[in-house]
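Quick notes on the structure that follows.
The values are calculated or read from the model by the stated rules, or taken from the named source; none is laboratory data. In this text, all values refer to a predicted model and were calculated from it rather than measured experimentally. Glycine also receives a Cβ, built like all others from the backbone with ideal geometry; neighbour counts cover every protein chain displayed.
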Amino acid sequence: MERNLSALTEQEYDLVIIGGGIFGICAAWDATLRGLSVALVDAGDFAHATSANCFKIVHGGIRYLQHGDLIRLRHSSQERNAFLRLAPHLVRPLPIVIPTYGHGKQGKELLAVALSLYDLLTFDRNRRIDDPTRRIPASRFTSRQEVLKWFPDLRRAGLSGAAIIHDGHMYSPPRLALAFLQSAVAAGARVANYVRATRLLRSGDHVCGIGASDVLTGETFDIRAKVVLNAAGPWAERLIRQQLGLQLTPVGTYSRDACFVVSRRFSGEHALALEASTSDPDAILSRKHRHLFMVPWRSYTLVGVWHIVSHASPDHCPVTAAELQGFLDEINGAYPALALTLDDISLWQAGLVPFGDNKPGATDLSYGKRSRLIDHRHEHKLEGLITLIGVRYTTARREATRAIDLVFRKLGQKAPPFPAAVTSIHGGQIDCFEAFLRRAIEERAPALPADVMKALLHNHGSQYRDVLHYVDEDAELARTVGSSTVMAAEVVHAVRAEMAQRLGDVVFRRTDLGTGEHPGATALSQCATLMAQELGWDEKRRCQEIRLVEMAFPRAPSGAQSLTSASPLMPSWKS
């Protein structure tokens, strides 16, 4: 990918997309593969906000069984299938243990009926997935003894065993979004990060493009298009309000969804569902409380998710030390043996997503139900403008298809079907990931350690040789950055081929450096030096980039002030 801003002005596009989160990216991918000319811009880096801060679960829709929403259940299962099939290096099945106690709503009997129905409704969950390690098994129940083998400190009184279900789990949400984006670029899309949409161009009652500004240089220019898709996530409504003086009806309500990372694992491969202290008011039939989850991820454990109705600006999505302590109190109350403290939290993550309608001060919150797709021709008598505000990462591909179908109607064209032959995205040309991983490790042993190769293949999949090409040219680039598994070659590749412009782009989104914990001052310094050599930064700029990344990490948990800074994956860059 090349950041060529002049190319954005050379033609009138069929479609320009504002927003490079997973929904905007999937829209660009869908549109280009169906033959439209597409430009996409984002005011920050690609997938830098809510898309990067999600809990990394690819939901198969089991929660919608509680709501009797079988359509969403089916859609979610189909989209989980697509992610497992399209990106086998980045999405895998995740076994989740749900402990059962006694009888009734907490016992096996009712849960067994629900899970049998769910398995029946998702009968095609493994359609066209040939890799057995990427298939979603049917749910099953296990014994009390086996559960205690995995989680010996669970509350034992009344414990009868557990249900085991599977969902999808992402290795890296930003890299998954980037893989879709790279596929869109390969199909002809023009994209650029750090380009802000400053105004909507209008000709009478028709939107015909955007005015844009390069966040890095201040340069301004116009991008002409027949249709504009506003996919700016939690910024989408503000853009419409500021640029057009309009607002959606009803005005959107947003939840700050937050989770945190613990720098150790509490189990092998199984995630654990624990009862929270709130319930789901929309559920037709449910267990006593919602669940919190402890999810093994790389060498860490993810814990979450907590929701709160937020009226804060999407530019700043804070989580305070007091809130984190409240999260810890709740998870420790559900599983006292954890005894987690603020010192155990290596990162917290938060993002804004559309939420349901809730009364002020409500404790049991209603989740957002569906993404919003607005044709402003009907909403505001304004042609050429569409807004898409997505709810779940999992459904981005499907919602993007709905949006692009609408774009075709606006262009007066019959929407062609999405190419059925598409079975993978950039890096996903892999028949069996485990076998692929073994062969690649053997091929490079002993020159490159197995853990370095494993991380490289997870992030780049079948395109990993694009990174190793730099090592073949310069053996020095095989060295790892600090004590991480990230090679210097990955940093160089991120700049030359993946449009990384800031240190945070590499630390938080292109590599594994800062996605689980602070990688250390040495790693940041080495990474910044490599980028300075590639991008021509002077020492002042190099130090500034390091300082900005440092600000994005929570400091020592004893200092509440530091924990109210920007989310680790959503820094507020100032150019």
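Can you pull out the residues in the range 264-285 that are modelled with pLDDT of 90 or more and not charged (D, E, K, R)?
Once the filter is applied, which keeps residues that are modelled with pLDDT of 90 or more and not charged (D, E, K, R), the range 264-285 yields His270, Ala271, Leu272, Ala273, Leu274.
Name the residues in the range 145-158 that are crowded, with 16+ Cβ neighbours inside 10 Å and either under 30 Å from Glu79 (Cα atoms) or touching a residue at least 12 places away in the same chain (Cβ under 8 Å) (or both), would you?
Across the range 145-158, the qualifying residues are Val147, Trp150, Phe151, Leu154.
Considering each residue of the range 1-36, count those that are under 19 Å from Leu178 (Cβ atoms), outside any helix (DSSP H, G or I) and small (Gly, Ala, Ser), and give that number.
Matching residues across the range 1-36 total 3.
How many residues are of a type in the set (Asp, Glu) and either at pLDDT 95 or above or in a strand (DSSP E or B) (or both) when one looks only at the range 361-383?
2
So, Arg175, is that one among the basic types (Lys, Arg) and within 30 Å of Ala47 (Cβ to Cβ) or not?
When the stated conditions are applied, Arg175 passes them.
Return the total of residues in the range 307-330 being more than 30 Å from Gln242 (Cβ to Cβ) and either buried (at least 16 other Cβ atoms within 10 Å of the Cβ) or in contact with a helix residue (DSSP H, G or I) (Cβ under 7 Å, 6 or more places away or on another chain) (or both).
Number of matching residues: 6.
Which one of the conditions (1) surrounded by fewer than 21 Cβ atoms within 10 Å (Cβ to Cβ); (2) touching a Ser or Thr at 6+ places or on another chain (Cβ under 8 Å); (3) assigned to a loop (DSSP other than H, G, I, E, B) does Phe436 fail to meet, given that it meets all the rest?
Exception for Phe436: condition (3).
Go through (1) out of contact with any helix residue (DSSP H, G or I) (no Cβ under 8 Å at 6 or more places or on another chain); (2) surrounded by 18 or more Cβ atoms within 10 Å (Cβ to Cβ); (3) not in a loop (DSSP other than H, G, I, E, B) one by one and return the number of the condition Ser116 breaks.
Here Ser116 meets the rest and fails (2).
Take Gly252 and decide whether it is over 20 Å from Ala334 (Cα atoms) and surrounded by fewer than 18 Cβ atoms within 10 Å (Cβ to Cβ).
So Gly252 fits the description; yes.
Could you say whether any residue in the range 490-510 is touching a Gly at 6+ places or on another chain (Cβ under 6 Å), in contact (Cβ under 8 Å) with a residue 40 or more places away in the chain, part of a helix (DSSP H, G or I) and crowded, with 17+ Cβ neighbours inside 10 Å?
Within the range 490-510 (the criterion being touching a Gly at 6+ places or on another chain (Cβ under 6 Å), in contact (Cβ under 8 Å) with a residue 40 or more places away in the chain, part of a helix (DSSP H, G or I) and crowded, with 17+ Cβ neighbours inside 10 Å), the answer is yes, since at least one residue qualifies.
Could you run through the range 162-188 and say how many residues are surrounded by 22 or more Cβ atoms within 10 Å (Cβ to Cβ) and in a helix (DSSP H, G or I)?
Residues meeting the conditions: 12.
Kindly evaluate Phe221 against the criterion of being of a type in the set (A, V, I, L, M, F, W, C), more than 30 Å from Ser6 (Cα to Cα) and either not assigned by TED's automatic domain parsing to the domain that holds Thr142 or not in a strand (DSSP E or B) (or both).
Considered against the rule, which asks whether it is of a type in the set (A, V, I, L, M, F, W, C), more than 30 Å from Ser6 (Cα to Cα) and either not assigned by TED's automatic domain parsing to the domain that holds Thr142 or not in a strand (DSSP E or B) (or both), Phe221 comes out as no.
Look through Thr401, Thr387, Thr480 and report the one residue that is over 30 Å from Glu517 (Cβ atoms) and either surrounded by fewer than 22 Cβ atoms within 10 Å (Cβ to Cβ) or more than 26 Å from the chain's Cα centre (by Cα) (or both).
One residue alone meets the criteria, Thr401.
If only one of Val452, Val422, Val467 is β-branched (Val, Ile, Thr), in contact with a Leu (Cβ under 9 Å, 6 or more places away or on another chain) and within 30 Å of Ser525 (Cβ to Cβ), which one is it?
None of the others qualify; the one that does is Val467.
So which residues in the range 56-107 are in contact (Cβ under 8 Å) with a residue 12 or more places away in the chain, in contact with an Asp or Glu (Cβ under 8 Å, 6 or more places away or on another chain), surrounded by fewer than 22 Cβ atoms within 10 Å (Cβ to Cβ) and in a loop (DSSP other than H, G, I, E, B)?
Within the range 56-107, His59, His67 qualify.
Can you tell me which residue among Ile404, Ile386, Ile441, Ile430 is assigned to a strand (DSSP E or B) and modelled with pLDDT of 95 or more?
Ile386
Return yes or no: is Val191 part of a strand (DSSP E or B), over 17 Å from the mean Cα position of the chain (by Cα) and under 13 Å from Met1 (Cβ atoms)?
So Val191 passes the test.
Tell me yes or no: at least one residue of the range 123-144 is at pLDDT 95 or above, farther than 16 Å from Gly161 by Cβ, buried (at least 16 other Cβ atoms within 10 Å of the Cβ) and of a type in the set (Phe, Trp, Tyr).
The answer is no, given that none of the residues of the range 123-144 is at pLDDT 95 or above, farther than 16 Å from Gly161 by Cβ, buried (at least 16 other Cβ atoms within 10 Å of the Cβ) and of a type in the set (Phe, Trp, Tyr).
I need the full set of residues from the range 331-357 which are crowded, with 18+ Cβ neighbours inside 10 Å and more than 25 Å from the chain's Cα centre (by Cα), in order please.
Within the range 331-357, Ala334, Tyr335, Leu338, Leu340 meet the criteria.
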